[in-house]
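K.L.:
Pasting a structure here, questions to come.
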Amino acid sequence: MDKGDKLPLEDYKRYGRQMILEGFGLSGQLKLQKASVVVVGAGGLGCPALQYLAAAGVGRLGIIDHDVVETSNLQRQILHNEQTVGMHKTESAAQAVRKINSRIKVDVITEPLSSLNATRVLQDYDIILDCTDNTPTRYLLSDTAVALGKPLVSGAAQRFHGQLCVYNLGPDGLCLRCLFPRPPTQTGTCEETGILGAVTGVIGNLQALEAIKIITGLHEKEPSMLIFSALGSPPFRSIKLGSKKPTCPACGKEGKKIGEIHEFDYVQFCGGPAPDWETQGLTDS
Amino acid sequence: MDKGDKLPLEDYKRYGRQMILEGFGLSGQLKLQKASVVVVGAGGLGCPALQYLAAAGVGRLGIIDHDVVETSNLQRQILHNEQTVGMHKTESAAQAVRKINSRIKVDVITEPLSSLNATRVLQDYDIILDCTDNTPTRYLLSDTAVALGKPLVSGAAQRFHGQLCVYNLGPDGLCLRCLFPRPPTQTGTCEETGILGAVTGVIGNLQALEAIKIITGLHEKEPSMLIFSALGSPPFRSIKLGSKKPTCPACGKEGKKIGEIHEFDYVQFCGGPAPDWETQGLTDS
Amino acid sequence: MSTPPTLTINVEFGGGLELLFANQRKYQLSIPVLIPPDTTATPPSGSAPPPILSKPADITFLIRYLKENHLKERPELFVEGETVRPGILVLVNDTDWELEGEGDYALKEGDEIVFISTLHGG
Amino acid sequence: MSTPPTLTINVEFGGGLELLFANQRKYQLSIPVLIPPDTTATPPSGSAPPPILSKPADITFLIRYLKENHLKERPELFVEGETVRPGILVLVNDTDWELEGEGDYALKEGDEIVFISTLHGG
Ligand SMILES: [Zn+2]
Ligand SMILES: [Zn+2]
């Protein structure tokens, strides 16, 4: 898919408003064109993220989801609509993404992500966006991103709150397990919490922005987490995080690691895929 | 259009995820259903704002713009697409909005906003969103919002930067002229500056969120401005602002006002409408 | 009898944790400067014999203090043993507590300690 | 001869104003605590006769100081007379300078003064 270092004249017109930005230029646009991003979850976070990645001209987008569109999704999952209710979210989102930008490649991956397929499915992409809605998949994505050496742009949203963090970026970038070596003990319930659509929009949008910054070399790579609270004053708070921890069970130094990665970290106890107890050895490859 | 205090069963399903939020509930959804919001500018800010207002179920949306969709818009104006290039932005956006939510009323206003029609066009709506791209229209909107006593949710974006401020909210809410009594002297050029799509997305999204908070009564009404810089660390900064100024030429106290509102404040010297020198007296009505 | 010296700190809850604390997001607390090495979280009262105060109040103390004085429901969603449960981020003046010594961080006048539950939804 | 006392303040530019200041967003400046009532922005130098210092350095002084020492191009986009041009927001420790006395605000050690150009694009 490499088109060399030339951009069609049409693309100058289309992407000109971002190409004239300082530090962006033709080289930035070419980097976007050659880049691939996989968006895991085509829901409240994935929809706005896909939208702005496609509009900016990221050359290849992967969309992973195995759910179908439901009416209750429409208050926030803005790539889906009344006509696509019942369709797979991947197909519905891909249709919308192709409409925004017919010139990019869109991969549709309609299978549940598990420790069995994560490496295979994610390895083709430069950057992984965590737009999922559950903790086990978040750990699976973090561990896989570490194993594959790829940055993971992680977003989360619930009620009036949102969070954004880039994991495993650069040689010092921490991972999810550096912060929380083991997943929270599951409380047994998986009832749906409330969520305001615009909150997922803000976070998903910022995920696209982080990915674009990483691709174009504009990311400053300081480890931090952004915390958003729609009713808060101030609404945004940035938290300084440390670097990668030598003791991290996922990305730490061999011999210094504390704790283990368990296969059941990846299993949702309320409707997720059945556990496969054969460990995948994702920790180091 | 008042449907009373009942919500169709279908809407419980559709909006349930936001209705279960604390402080929202059925009454919040009914308030949204009865509310009307006018979005001035269907560009980089207006598109994401319209999207999330429509998805949340705001009963009536007005879209004001007199431009047509161009290819150079597509990197950020995510309601328009390759097929709607050449179409009026209002029509293109309305088409997308109706697809997101067929059950809301959408008004298409394809005329340039000026001091001659602003009051008439804006008076029917509860909240005004400033999604415009020029200073004269920003002053026209602020002065008209003051005259009509309506909150103005103002967004702006340029290069890697964005700003968000709610003007004229509640009895003490300041207006644009409280901050800047007169418009910046125009430097004569109107060349287009660079803009990253995701930056307009974040701000437009937040404008929808502010409108939803105001409508549902969740807004805390503390005067502040949010400053966003995509490459900054931290990226967001909240600024405390004062209340309404008695000396403000627009919203100040009669007898204490300093300075005047000029008709030429509303005129773009680079391609805007021809000035109408007959003053409209928007300052107090 | 003299009151032991106290320090004032600001505590904030986010990400939903405030729901466990009477839905109040911000607390201003007066806590003792020094605590006994094996202190309970009960603040020293004037009538009891004064305990031996030998250790500065740290975040481990604060967690216990919050649990015993302000936590209203489902303690298992806030604490686990002597620390917070996995998935809760603790910030000392907007910095991850990891960088500040975690539970052993000695509280200082005016510190802002934030507990944020990480979110999983999307 | 003794150096007049100075205070250290942090200045930041945003919204595009940094482009006028060599594209550098943050400056740490040492400025005199006291300035002559009719001061020029030239910092007092050791060799010149010491001026009469009678007035605390305020934001009006800072604006002139920035213009004369750090502004690289198009001064009309930053200053207008003795103040900033319309459309520039001045913040004193994250608060609109309006609430702090505008140009007359006397600078204090460690103050963070931010100049932000308001945006018009959309
Ligand atoms: Zn790690
Ligand atoms: Zn005013």
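K.L.:
Does residue A:242 satisfy the condition of being within 12 Å of another protein chain (Cβ to nearest Cβ) and closer than 23 Å to residue C:112 by Cβ?
P.N.:
yes
K.L.:
Hey, could you check segment A:211-231 for residues that are assigned to a loop (DSSP other than H, G, I, E, B) and at the interface with chain B (Cβ under 9 Å from one of its Cβ atoms) and say which is surrounded by the most Cβ atoms within 10 Å (Cβ to Cβ)?
P.N.:
Going through segment A:211-231, the residues assigned to a loop (DSSP other than H, G, I, E, B) turn out to be A:217-223, A:230-231.
Okay, now just the ones that are also at the interface with chain B (Cβ under 9 Å from one of its Cβ atoms), so A:218-220, A:222, A:230-231.
Working: A:218: 19, A:219: 18, A:220: 9, A:222: 13, A:230: 21, A:231: 17.
In this case the residue turns out to be A:230.
K.L.:
Okay, moving on. Please find, among A:137, A:200, A:132, A:144, the residue that is in contact with a Gly (Cβ under 6 Å, 6 or more places away or on another chain) and more than 11 Å from chain B (Cβ to nearest Cβ). Step through it out loud before you land on a result.
P.N.:
On the way: A:137 fails: in contact with a Gly (Cβ under 6 Å, 6 or more places away or on another chain); A:200 fails: more than 11 Å from chain B (Cβ to nearest Cβ); A:144 fails: in contact with a Gly (Cβ under 6 Å, 6 or more places away or on another chain).
Exactly one of A:137, A:200, A:132, A:144 is in contact with a Gly (Cβ under 6 Å, 6 or more places away or on another chain) and more than 11 Å from chain B (Cβ to nearest Cβ), namely A:132.
K.L.:
Right, another one. Which ones in segment A:15-26 are touching a residue at least 12 places away in the same chain (Cβ under 8 Å) and either surrounded by fewer than 19 Cβ atoms within 10 Å (Cβ to Cβ) or in contact with a Leu (Cβ under 6 Å, 6 or more places away or on another chain) (or both)?
P.N.:
Here is the first cut: in segment A:15-26, the residues touching a residue at least 12 places away in the same chain (Cβ under 8 Å) are A:15, A:18, A:23-24, A:26.
Residues satisfying the conditions are A:18, A:23, A:26.
K.L.:
Could I ask something else about it? Would segment B:211-224 turn up any residue that is within 19 Å of residue B:173 (Cα to Cα), within 16 Å of ligand 2 (Cβ to nearest atom) and without any contact (Cβ under 8 Å) to a residue 12 or more places away in the chain?
P.N.:
For segment B:211-224, residues within 19 Å of residue B:173 (Cα to Cα), within 16 Å of ligand 2 (Cβ to nearest atom) and without any contact (Cβ under 8 Å) to a residue 12 or more places away in the chain: absent.
K.L.:
Residue A:236: farther than 24 Å from residue A:28 by Cβ, at pLDDT 95 or above, within 11 Å of chain B (Cβ to nearest Cβ) and open to solvent by less than 10 Å² (accessible area, probe 1.4 Å), yes or no?
P.N.:
When the stated conditions are applied, residue A:236 does not pass them.
K.L.:
While we're on this one: For segment C:53-72: of the residues being among the aliphatic types (A, V, I, L, M) and touching a helix residue (DSSP H, G or I) at 6+ places or on another chain (Cβ under 7 Å), which is nearest to residue C:4 (Cα to Cα)? Steps first, answer last, please.
P.N.:
The initial filter retains those residues of segment C:53-72 that are among the aliphatic types (A, V, I, L, M), namely C:53, C:57, C:59, C:62-63, C:66, C:71.
Add one more test, that the residue is touching a helix residue (DSSP H, G or I) at 6+ places or on another chain (Cβ under 7 Å), and what stays is C:59, C:71.
Values: C:59: 19, C:71: 24 Å.
Checked segment C:53-72; the qualifying residue nearest to residue C:4 (Cα to Cα) is C:59.
K.L.:
Return a yes/no flag: does segment A:237-245 have any residue that is touching a residue at least 60 places away in the same chain (Cβ under 8 Å), part of a helix (DSSP H, G or I) and either more than 16 Å from the chain's Cα centre (by Cα) or under 17 Å from residue C:118 (Cβ atoms) (or both). Walk me through how you get there before you give the answer.
P.N.:
Restricting attention to segment A:237-245, the residues satisfying the condition of being touching a residue at least 60 places away in the same chain (Cβ under 8 Å) are A:241-245.
Applying the additional criterion that residues be part of a helix (DSSP H, G or I) yields none.
Checked segment A:237-245: no residue is touching a residue at least 60 places away in the same chain (Cβ under 8 Å), part of a helix (DSSP H, G or I) and either more than 16 Å from the chain's Cα centre (by Cα) or under 17 Å from residue C:118 (Cβ atoms) (or both).
K.L.:
Take segment B:147-170 and flag every residue that is of a type in the set (D, E, K, R), at negative phi and within 14 Å of another protein chain (Cβ to nearest Cβ).
P.N.:
none
K.L.:
Right, something else. Starting from residues that are of a type in the set (D, E, K, R) and in contact with a strand residue (DSSP E or B) (Cβ under 9 Å, 6 or more places away or on another chain), keep the ones in segment B:123-176 and report whichever is farthest from ligand 2 (Cβ to nearest atom). Steps first, answer last, please.
P.N.:
The initial filter retains those residues of segment B:123-176 that are of a type in the set (D, E, K, R), namely B:124, B:126, B:130, B:133, B:138, B:143, B:150, B:159, B:172.
Among the residues that remain, those that are also in contact with a strand residue (DSSP E or B) (Cβ under 9 Å, 6 or more places away or on another chain) are: B:124, B:126, B:130, B:133, B:138, B:150, B:159.
On the way: B:124: 23, B:126: 20, B:130: 15, B:133: 22, B:138: 13, B:150: 14, B:159: 28 Å.
Among those that are of a type in the set (D, E, K, R) and in contact with a strand residue (DSSP E or B) (Cβ under 9 Å, 6 or more places away or on another chain), it is B:159.
K.L.:
For residue D:61, work out the one condition from (1) away from chain B (no Cβ under 14 Å); (2) surrounded by 15 or more Cβ atoms within 10 Å (Cβ to Cβ); (3) touching a residue at least 60 places away in the same chain (Cβ under 8 Å) it doesn't fulfil.
P.N.:
(3)
K.L.:
Could you tell me which residue of segment B:242-260 is farthest from ligand 2 (Cβ to nearest atom), considering only residues that are within 18 Å of residue D:102 (Cβ to Cβ) and touching a helix residue (DSSP H, G or I) at 6+ places or on another chain (Cβ under 7 Å)? Break it down stepwise before answering.
P.N.:
Kept after step one, since they are within 18 Å of residue D:102 (Cβ to Cβ), are these residues of segment B:242-260: B:242-249, B:252, B:256, B:258-259.
So of that shortlist, the ones also touching a helix residue (DSSP H, G or I) at 6+ places or on another chain (Cβ under 7 Å) come out as B:242, B:244-245, B:248-249.
Details: B:242: 11, B:244: 6, B:245: 6, B:248: 3, B:249: 7 Å.
My answer is B:242.
K.L.:
Would it be correct to say that residue A:184 is in a loop (DSSP other than H, G, I, E, B), more than 10 Å from chain B (Cβ to nearest Cβ), more than 16 Å from ligand 1 (Cβ to nearest atom) and touching a helix residue (DSSP H, G or I) at 6+ places or on another chain (Cβ under 9 Å)? Before you say what the answer is, go through the steps one by one.
P.N.:
Details: in a loop (DSSP other than H, G, I, E, B): yes; more than 10 Å from chain B (Cβ to nearest Cβ): yes; more than 16 Å from ligand 1 (Cβ to nearest atom): yes; touching a helix residue (DSSP H, G or I) at 6+ places or on another chain (Cβ under 9 Å): yes.
It is true that residue A:184 is in a loop (DSSP other than H, G, I, E, B), more than 10 Å from chain B (Cβ to nearest Cβ), more than 16 Å from ligand 1 (Cβ to nearest atom) and touching a helix residue (DSSP H, G or I) at 6+ places or on another chain (Cβ under 9 Å).
K.L.:
For segment B:65-75, name all the residues that are assigned to a loop (DSSP other than H, G, I, E, B) and either within 18 Å of residue A:205 (Cα to Cα) or touching a residue at least 60 places away in the same chain (Cβ under 8 Å) (or both).
P.N.:
Of the residues in segment B:65-75, the ones assigned to a loop (DSSP other than H, G, I, E, B) are B:65-67, B:69-70, B:74-75.
Result: B:74, B:75.
K.L.:
Can you confirm whether segment B:183-200 contains a residue that is among the acidic types (Asp, Glu), touching a Leu at 6+ places or on another chain (Cβ under 9 Å) and over 18 Å from residue D:116 (Cβ atoms)? Spell out how you get there, then give the answer.
P.N.:
Of the residues in segment B:183-200, the ones among the acidic types (Asp, Glu) are B:191-192.
When the remaining residues are screened for being touching a Leu at 6+ places or on another chain (Cβ under 9 Å), the result is none.
No: zero hits.
K.L.:
Mind listing whichever residues of segment D:92-113 are modelled with pLDDT of 95 or more and either touching a Cys at 6+ places or on another chain (Cβ under 9 Å) or under 27 Å from residue B:194 (Cα atoms) (or both)?
P.N.:
Residue satisfying the conditions is D:113 alone.
K.L.:
Quick one: count up the residues across segment A:44-59 that are open to solvent by less than 10 Å² (accessible area, probe 1.4 Å) and not in a helix (DSSP H, G or I). Steps first, answer last, please.
P.N.:
So in segment A:44-59, the residues open to solvent by less than 10 Å² (accessible area, probe 1.4 Å) come out as A:44-58.
So of that shortlist, the ones also not in a helix (DSSP H, G or I) come out as A:44-45, A:57-58.
Residues flagged as open to solvent by less than 10 Å² (accessible area, probe 1.4 Å) and not in a helix (DSSP H, G or I) within segment A:44-59 amount to 4.
K.L.:
On the given criteria, is residue B:62 in a strand (DSSP E or B) and over 23 Å from residue A:45 (Cα atoms)? Spell out the reasoning first.
P.N.:
Values: in a strand (DSSP E or B): yes; over 23 Å from residue A:45 (Cα atoms): yes.
Considered against the rule, which asks whether it is in a strand (DSSP E or B) and over 23 Å from residue A:45 (Cα atoms), residue B:62 comes out as yes.
K.L.:
While we're on this one: Exactly one of (1) at pLDDT below 95; (2) touching a Pro at 6+ places or on another chain (Cβ under 9 Å) is unmet by residue B:188. Its number?
P.N.:
Here residue B:188 meets the rest and fails (2).
K.L.:
Residues that are open to solvent by 20 Å² or more (accessible area, probe 1.4 Å): which strands (runs of 3 or more DSSP E) entirely in segment B:76-167 hold 1 or more of them? Spell out how you get there, then give the answer.
P.N.:
On the way: elements: B:105-109, B:127-130, B:152-158, B:161-167.
It comes to B:105-109, B:152-158, B:161-167.
K.L.:
Could you look through segment D:91-122, keep only residues that are touching a residue at least 40 places away in the same chain (Cβ under 8 Å) and within 10 Å of another protein chain (Cβ to nearest Cβ), and pick out the one that is surrounded by the most Cβ atoms within 10 Å (Cβ to Cβ)?
P.N.:
Only one residue fits best here, namely D:119.
K.L.:
Something else about it: Across segment C:76-87, what is the number of residues that are touching an Asp or Glu at 6+ places or on another chain (Cβ under 9 Å) and at the interface with chain A (Cβ under 8 Å from one of its Cβ atoms)?
P.N.:
We begin by selecting, within segment C:76-87, every residue touching an Asp or Glu at 6+ places or on another chain (Cβ under 9 Å); these are C:83, C:85-86.
Imposing the further condition that a residue be at the interface with chain A (Cβ under 8 Å from one of its Cβ atoms) reduces the set to C:85-86.
Number satisfying all stated conditions: 2.
The values are calculated or read from the model by the stated rules, or taken from the named source; none is laboratory data. No experiment lies behind these values; they were computed from the predicted model shown. Quick reminder, even Gly has a Cβ in these numbers, built from the backbone with ideal geometry, and neighbours come from all protein chains shown. Areas reflect the complete protein model, heavy atoms only, side chains present, ligands, DNA and RNA absent. Shrake-Rupley method; radii C 1.70, N 1.55, O 1.52, S 1.80 Å.
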